[in-house]
Amino acid sequence: MSIRRGIAVALIAAMAVLVGCRNDAPETQEGGSGVKFDVGVTAEPCPAAVDKTKGCIYLGSISDLTEGPFKALGVPITESQKAFWQRVNKAGGIGAFEVDVSKYTKDNKYNPQIHNEVYAEIKPDVLGLAQTLGSPTTAAILGDLKASGMIGVPASWTSAWAFEDVILESGTNYCFESMNSVDFAVETLKPKSVAAVHFPGDYGDDAAAGTKLAAEANGLKFTDIPTAPGQENQGAAIQKLLAAKPDLVILTTGPTEAATIVGGAAQNGFKSPFIGTSPTWNPALLKSPAAPALTALYRQSGPWAPYGTDTPGHKALAASIDQATFKAAPNDGYTAGWVWSYPLKAALQKAVDSKDLTRAGLLAAVKSLQTVDYEGMLPAEAGRFNGEPNERVFRSSIISKVDPTAPTGVKVERDFFTGKTAKAHDFTKPCYQ
């Protein structure tokens with residue numbers, strides 16, 4: 001999820017005045033359980049406490065909730081995380097504490113400046129961020145997260161996050177996901193050329209970098225086609241695609257743009273397969289005019305299996321989400337929000353067990369994690385956060401086919417696998433750099 005990285009970098013500098021790198025040492029307290037804490041933790045119960053004898057851990061959420069390009073994902077991600085932590089609270093919480101992710105929820109409208117401003121508003125009141133949606137938006141607060149030692153759970157998969165201790169990511173990144181998609185296609189579809197059609201910035205450029213690396217490893221001709229967000233901006237990308245005539249397309253946009261590109265190319269006789277990166281798909285696309293083209297040509301890659309898959313975690317998600325929130329078909333934003341919460345739960349538990357629920361204590365807990373119980377939604381080894389990025393990064397992804405009968409319109413075709421390109425890649429820097 002990204003726009004031009006240059007804009008994001010400029011905004012980081014420009015917004016430093018708004019947030020600054022405030023790192024005033026907060027006062028440390030100690031609860032009756034002997035756990036010390038400082039920011040975003042109280043001995044008083046959470047506003048909607050299950051057990052009013054427990055203290056409260058406040059976590060912030062900053063998402064795309066009203067008018068940005070990823071609101072169709074941001075809303076269910078946020079609802080899913082509320083359900084996840086409610087389940088945790090009903091099961092006894094985290095030691096002598098429950099968790100609140102509702103009180104400090106903010107809308108970033110997928111705008112780095114707004115993201116920075118609302119982060120500044122909630123920063124004094126939260127231990128960490130249960131969600132920070134978007135790559136450029138999170139980049140706008142990264143400097144302050146690091147200065148404050150505050151953990152953030154990203155709602156994005158850029159390969160840059162593997163190099164940041166304060167970012168608690170889950171699943172493989174766009175780069176390895178795209179490498180695996182190309183390797184899958186080489187094995188099953190036998191292409192001789194591949195194009196990356198993508199948004200510019202960390203999201204699209206990261207996927208395009210992985211596509212290019214896999215193209216080189218497989219001897220494929222590579223064509224790079226950046227395209228700006230917006231349904232109305234896809235005409236040039238479609239024309240470039242028709243001119244290049246690749247045998248395979250790795251698509252890294254938003255859902256609306258995906259429908260426009262796949263549908264528009266198909267209308268002009270394009271018949272090569274598309275594989276879309278994680279945030280590209282939305283089940284509502286099967287109700288769009290592009291549905292026949294998507295059903296015929298499209299596959300979906302992802303860091304984990306879609307909603308409705310038979311794992312304990314997927315079943316717990318389905319049981320916890322109020323069905324009344326499904327005004328349309330279930331959305332894999334629910335799946336993502338749920339999966340992203342497991343490592344933070346593990347880190348909070350480890351911090352409480354260590355009697356140190358300060359920001360520094362939580363960061364230390366994160367850096368010591370070697371496995372995480374994702375209840376089958378990811379392998380436990382995907383939750384390794386200690387060691388060098390090249391050693392610990394999770395490189396496996398999933399390929400799904402369009403299936404209108406599936407809860408979110410896609411069904412797993414190839415379960416977790418790591419292609420030869422991802423296995424061999426020496427991961428020493430973010431792929432897009």
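The values are calculated or read from the model by the stated rules, or taken from the named source; none is laboratory data. This one's a predicted model, so the numbers in the text were calculated from it and none came from an experiment. In this analysis, Cβ positions are derived from the backbone assuming ideal geometry, glycine residues included, and neighbour counts consider all displayed protein chains. Remember, those area values only see protein heavy atoms, side chains included, never the ligands or the DNA or RNA. Shrake-Rupley method; radii C 1.70, N 1.55, O 1.52, S 1.80 Å.
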**OP:** Report, in degrees rounded to the nearest 10, the 0 to 90 angle that the Cα long axis of helix 255-267 makes with the longest principal axis of the chain.
**Re:** 10
Original post:
What whole-number value in cubic angstrom gives the convex hull volume per residue for the C-alpha atoms of the stretch 58-196?
Top reply: 144
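Rounded to the nearest 500, what is the chain's calculated 222 nm mean residue ellipticity when only DSSP H runs of at least 4 contribute -39500 (n - 2.57) each, over all residues? Write down the numbers at each step before the final one.
Working: 15 runs with 171 residues, N = 433.
Calculated from helices alone, the mean residue ellipticity at 222 nm is -12000 deg cm²/dmol.
Rounded to two decimals, what ratio of Rg to Rh does the stretch 76-115 give with C-alpha atoms and a Kirkwood Rh? Can you show the working numbers first?
On the way: Rg = 12.9 Å, Rh = 11.5 Å.
Rg/Rh for the stretch 76-115 comes to 1.12.
Go ahead and run the numbers for FRET between A360 and E216, Cβ-Cβ distance against an R0 of 30 Å, rounding to 0.05. If you can, show how the numbers build up before the last one.
Values: r = 43 Å, r/R0 = 1.43.
Efficiency computed from Cβ-Cβ geometry: 0.10.
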Original post:
Given the options G95, G134, G74, which has the most mean-square fluctuation in a GNM of the chain, springs set between C-alpha atoms less than 10 angstrom apart?
Top reply: G95
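Return the carbon/sulfur percentage of the accessible area of the chain, one whole number, probe 1.4 Å, all protein chains in place. Please report the intermediate quantities before stating the final value.
Details: 8330 of 16290 Å².
So the carbon and sulfur contribution to the accessible surface is 51 percent.
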**OP:** Note down the relative contact order for the stretch 142-290 as a percent, whole number, built from C-alpha pairs under 8 angstrom at least six residues apart.
**Re:** 20
**OP:** Could I have the simple spin-label model distance between D310 and K423, label points 7 Å from Cα toward Cβ, reported in nm to one decimal?
**Re:** 2.8
Original post:
Cα centroids of the stretch 268-282 and the stretch 334-405: how far apart, whole angstrom?
Top reply: 29
Original post:
Excluding the sites themselves, what is the longest stretch of the chain that contains no trypsin sites (Lys or Arg not before Pro) in a DSSP loop with at most 13 other C-beta atoms within 10 Å?
Top reply: 53-191
Original post:
Using alpha carbons only, what's the Rg to Rh ratio of the stretch 238-375 with Rh from Kirkwood?
Top reply: 1.13
Original post:
Seen from all sides and averaged, what is the projected area of the convex hull of the Cα atoms in the stretch 292-433, in nm²?
Top reply: 11.2
**OP:** Run through all the Cα pairs of the stretch 118-206 and give the fraction in each 5 Å bin from 0, expressed as whole percent.
**Re:** 3, 13, 22, 19, 14, 10, 8, 5, 4, 2, 1
Original post:
Among the lysines, which fall within straight-line cross-link reach of K271, defined as a Cα-Cα distance under 28 Å, with same-chain neighbours fewer than 8 residues apart omitted?
Top reply: K190, K192, K212, K221, K240, K245, K287, K401, K411, K420
Subject >> Charged-residue dipole, Cβ positions (Lys, Arg, Asp, Glu), the stretch 194-304 about Cα centre, Debye nearest 20 >> reply: 400
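With a 1.4 Å probe and every protein chain left in place, work out the accessible area per residue of the stretch 237-350 in Å², rounded to a whole number. Can you show the working numbers first?
Working: 4050 Å² over 114 residues.
Ligands and nucleic acids excluded, the figure is 36 Å² per residue.
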Subject >> Amide H contacts under 5 Å for T132, placed H, 5+ residues apart >> reply: I62, V153, A155
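So what is the relative contact order for the chain, in percent, with contacts set as C-alpha pairs under 8 Å and at least six apart? Don't skip to the answer; put the middle values down first.
On the way: 978 pairs, mean separation 79.4, N = 433.
It rounds to 18 percent for the chain.
Quick check for me: using +1 on Lys/Arg Cβ and -1 on Asp/Glu Cβ, what's the dipole size of the chain about its Cα centre, in debye to the nearest 20? Kindly include the intermediate steps, with their values, before the conclusion.
Working: 40 positive and 44 negative charges, 178 e Å.
Charge dipole of the chain: 860 debye, to the nearest 20.
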Original post:
DSSP beta bridges in the stretch 33-166, what fraction antiparallel, as a percent rounded to 5?
Top reply: 20
Original post:
Out of F385, G134, A360, whose Cα points farthest toward the positive end of the dipole of the chain (charges: +1 Lys, Arg; -1 Asp, Glu; placed on Cβ)?
Top reply: G134
Subject >> Volume per residue of the C-alpha convex hull in the stretch 207-272, rounded to whole Å³ >> reply: 76
Original post:
Of W157, G74, T405, whose Cα points farthest to the positive end of the dipole of the chain (charges on the beta-carbon: +1 Lys, Arg; -1 Asp, Glu; origin at the Cα centre)?
Top reply: T405
Subject >> More than 16 Å apart - percent of Cα-Cα pairs taken over the stretch 176-299 >> reply: 54
Subject >> Unit charges on C-beta of K, R, D, E only; dipole of the stretch 221-283, Debye >> reply: 200
**OP:** Any chance you could run the full-extension gain for L189 through E67? It's 0.36 nm times the residue separation minus the Cα-Cα distance, nm to one decimal.
**Re:** 40.1 nm
